[in-house]
């Protein structure tokens with residue numbers, strides 16, 4: 001499991017659908033497997049376009065992983081701050097300023113001492129004010145959800 005955030009496409013009612021699909025013929029299963037893989041890639045691609053970019057680390061961390069039976073999978077990021085970008089951060093305890101130093105280095109060229117100071121000030125401000133959400137993964141998943149269900153319906157209609 002990742003420390004970042006994960007979007008699963010086989011939760012809740014979808015899990016019941018997957019269980020029902022296990023009873024259908026091989027062509028249906030193959031169609032669903034292709035649809036799952038295509039959906040995961042579409043979510044990944046859309047999330048990568050939506051994510052705010054400072055150093056490209058978060059964007060490149062968005063990956064897909066198929067379940068063993070290829071009937072489900074996840075799109076996830078293992079970057080610890082992914083959840084804070086997606087959902088924002090409430091005021092309270094500031095993040096460690098050391099976590100912001102690399103970001104500060106991408107924005108300004110300065111001495112190590114000045115970078116540490118700037119990172120500290122940014123961390124303090126985040127602690128006081130929080131950060132606004134910048135959703136990228138949830139909107140990408142939501143955009144693909146309807147297409148995914150429509151494709152499943154067509155597969156079942158065609159092969160049933």
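The values are calculated or read from the model by the stated rules, or taken from the named source; none is laboratory data. Small disclaimer: the values here were computed from a predicted structure and weren't measured. With ideal geometry, Cβ positions are generated from the backbone for all residues, glycine too; neighbour counts draw on all protein chains shown.
The table that follows gives values for the structure above.
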| item | result |
| --- | --- |
| Extreme residue, farthest from residue 29 (Cα to Cα), among residues of segment 142-160 that are touching a helix residue (DSSP H, G or I) at 6+ places or on another chain (Cβ under 8 Å) and modelled with pLDDT of 90 or more | 143 |
| Some residue of segment 4-24 being part of a strand (DSSP E or B) and modelled with pLDDT of 95 or more | no |
| Unmet requirement for residue 86, which otherwise passes all of (1) under 30 Å from residue 34 (Cβ atoms); (2) surrounded by fewer than 13 Cβ atoms within 10 Å (Cβ to Cβ) | (2) |
| Segment 34-53, subset surrounded by 13 or more Cβ atoms within 10 Å (Cβ to Cβ) and out of contact with any strand residue (DSSP E or B) (no Cβ under 8 Å at 6 or more places or on another chain), residue nearest to residue 86 (Cα to Cα) | 50 |
| Output for segment 60-95, where each listed residue is part of a helix (DSSP H, G or I) and either more than 14 Å from the chain's Cα centre (by Cα) or in contact (Cβ under 8 Å) with a residue 60 or more places away in the chain (or both) | 82, 83, 86 |
| Residue within segment 133-141 that is within 16 Å of residue 57 (Cα to Cα), in the same structural domain as residue 52 (by TED's automatic domain parsing), touching a strand residue (DSSP E or B) at 6+ places or on another chain (Cβ under 9 Å) and in contact (Cβ under 8 Å) with a residue 24 or more places away in the chain present | yes |
| Single residue of 57, 50 found to be within 14 Å of the chain's Cα centre (by Cα), modelled with pLDDT of 95 or more and closer than 26 Å to residue 103 by Cβ | 50 |
| Helices (runs of 4 or more DSSP H) completely within segment 96-160 that count 3 or more residues being within 23 Å of the chain's Cα centre (by Cα) and closer than 30 Å to residue 35 by Cβ | 137-159 |
| Check on residue 128, within 29 Å of residue 90 (Cα to Cα), touching a residue at least 12 places away in the same chain (Cβ under 8 Å) and surrounded by fewer than 12 Cβ atoms within 10 Å (Cβ to Cβ) | yes |
| Where residue 100 falls short, out of the listed (1) under 30 Å from residue 28 (Cβ atoms); (2) surrounded by 16 or more Cβ atoms within 10 Å (Cβ to Cβ) | (1) |
